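The values are calculated or read from the model by the stated rules, or taken from the named source; none is laboratory data. Fair warning: this is a prediction, and the values are worked out from it, not measured in the lab. Don't worry about glycine lacking a Cβ; one is built from the backbone with ideal geometry, like all the others, and counts go over all protein chains shown. SASA here: full protein model, heavy atoms, side chains in, ligands and nucleic acids out. Shrake-Rupley method; radii C 1.70, N 1.55, O 1.52, S 1.80 Å.
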Amino acid sequence: MTQALAEARILVADDQGDVARTLCGPLRKAGARLRYVSDGQAAIEAVAAQPFDLVLVDMKMPPEEWGGLWLLRQLEAGGWRIPTLVLSGEGAKQQVIQAMRLGAADWIVKENAGEELLDRCVSILGERLEQALAAASDQLPTPIAFRIARYIRTTDPDKQLAEGLHALESVLRLAATLGLATTPPAPLRGITPERLANPSMGTWFNLCTALADVPGAGAGFGRLFSWLAPDSAVRQSVQEFITIRNDLAHGRATPRRADRDRLDALLRRFAHRAASCGSSDLAVPTSMTFDGARYAVEVLVFRGTGKPNPDRVFTHTPVVNGTVLLLDRGAEPIPLAPLMASADTQASGTALCFQFDGLQRGKAGPGPTTPLKYSRADDGDEAIGAYPTATWPALAQWTAP
């Protein structure tokens, strides 16, 4: 019954710390990881800094008389959709109604919570995790959404683990791509020219872990990687799945149900956090106008598994048509070239998005004119020359001496 709480990250916002710790004891015993804050402002700062799967909100706490309502308004205004459970005192019926209108998933009378709190948390998270993968296949950037959609369509038990590993790799790969494109260049420990020439699932993971330690790492990368692996324990689990992937590929192992179940839980937690916190978008500009103050840019957004969706964004900086952009919350669009590229295709009548996938090289090592190679962001098919002007020096600065 409590499986939904295993490894769940729950934020408890309550100015009565001792009472909250006693109340949440059953959640901790069920495997949840709890963090306590004493007011709404601290809760907002915590949510902005790290991922949470559920927020417990005490109605009466700072910064106002009804600080729980203040917190719910801030979460709504900030675009966070993390499920919230309101802890209400007796005689606060009107405030509870307001909380539900502000998006609270449920409420409970704090003084009489007992074991009821555990059941409510299991119900809320269980429902969200059940829906998470389907939502991710519709809402997340295409490179991830496509692989997740294939995973949830797979019914053969022996193939589910392989497709789940492909989905996990797609998360690592996009996170590493965003990190390289948006972080100040610096040599990364363990990243050699040979590894970047033919990157594997392990290479993408090593890039992510190394980039996470670089000062000034891109915010979009940081959020995406933290939704998957917010701490060292989860990173160790990811490393174990990479080993399983390698063993399966070389015939040293056969798919096991236990591994499949663990991977499914990891992917669902990632998808839930991504949906709750608002994912960044990948887009390609197609035209641009200037009104004297800012640019209105028509873009195609690569979201979900269908064709790119038309949209419009505004920026104070001009962009180049055909350049893949990262659209991040409240920030100017960030060009992702040369790690990502786009191309028009007459066959589909729309744009295609490509991701860096190593180097085009012969027997000799990478040189100043060695071009990068790319694969499609949806089905993974290789597309040589999607961005022909990109060469090895664009990536060499990331390799360790």
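The condition (being small (Gly, Ala, Ser) and under 24 Å from PRO51 (Cα atoms)) is satisfied by just one residue among SER232, SER200: SER232.
Among residues of the stretch 312-350 being closer than 22 Å to PHE221 by Cβ and of a type in the set (Asp, Glu), the one that is least open to solvent (accessible area, probe 1.4 Å) is ASP328. Selection of the stretch 6-19 for residues being open to solvent by less than 10 Å² (accessible area, probe 1.4 Å) and touching a Lys or Arg at 6+ places or on another chain (Cβ under 9 Å) yields ALA8, ILE10, LEU11, VAL12, ASP14. For beta carbons closer than 6 Å, sequence separation of 6+ or different chains, a first residue in the stretch 27-41 that is open to solvent by less than 40 Å² (accessible area, probe 1.4 Å) and a second that is part of a strand (DSSP E or B) and at pLDDT 95 or above, the qualifying pairs are ALA32/ILE10; VAL37/ALA13.
Taken over the stretch 188-211, the criterion of being in a helix (DSSP H, G or I), out of contact with any Lys or Arg (no Cβ under 7 Å at 6 or more places or on another chain) and surrounded by 20 or more Cβ atoms within 10 Å (Cβ to Cβ) is satisfied by LEU196, PHE205, ASN206, LEU207, CYS208, LEU211.
Looking only at residues that are of a type outside the set (Gly, Ala, Ser) and assigned to a strand (DSSP E or B) in the stretch 374-401, which one is modelled with the lowest pLDDT?
In the first step, residues of the stretch 374-401 are kept if they are of a type outside the set (Gly, Ala, Ser); the result is 374, 376, 378-379, 381-382, 384, 387-389, 391-393, 395, 397-399, 401.
Still in the running and assigned to a strand (DSSP E or B): 374, 376, 382, 391, 399.
On the way: TYR374: 90, ARG376: 88, GLU382: 64, THR391: 89, THR399: 93.
By that ranking, first place goes to GLU382.
A Cβ distance below 6 Å, combined with a sequence gap of six or more or placement on separate chains, defines the contacts here; from the stretch 53-78, residues that are open to solvent by 10 Å² or more (accessible area, probe 1.4 Å) reach residues that are polar (S, T, N, Q) in the pairs PRO63/GLN41; TRP66/GLN95. Residues in the stretch 329-342: is at least one out of contact with any His (no Cβ under 6 Å at 6 or more places or on another chain), assigned to a loop (DSSP other than H, G, I, E, B), modelled with pLDDT under 90 and within 29 Å of HIS166 (Cβ to Cβ)? Within the stretch 329-342, one or more residues are out of contact with any His (no Cβ under 6 Å at 6 or more places or on another chain), assigned to a loop (DSSP other than H, G, I, E, B), modelled with pLDDT under 90 and within 29 Å of HIS166 (Cβ to Cβ).
Scanning the stretch 235-253 for residues that are touching a residue at least 12 places away in the same chain (Cβ under 8 Å), open to solvent by 50 Å² or more (accessible area, probe 1.4 Å) and of a type outside the set (D, E, K, R) yields a count of 2. Among the conditions (1) touching a helix residue (DSSP H, G or I) at 6+ places or on another chain (Cβ under 8 Å); (2) over 30 Å from LEU178 (Cα atoms); (3) not β-branched (Val, Ile, Thr), the only one that LYS93 does not satisfy is (1).
Residue under question is GLU111, and the condition is that it be modelled with pLDDT under 95 and assigned to a helix (DSSP H, G or I); does it hold? For GLU111, the condition - modelled with pLDDT under 95 and assigned to a helix (DSSP H, G or I) - is met.
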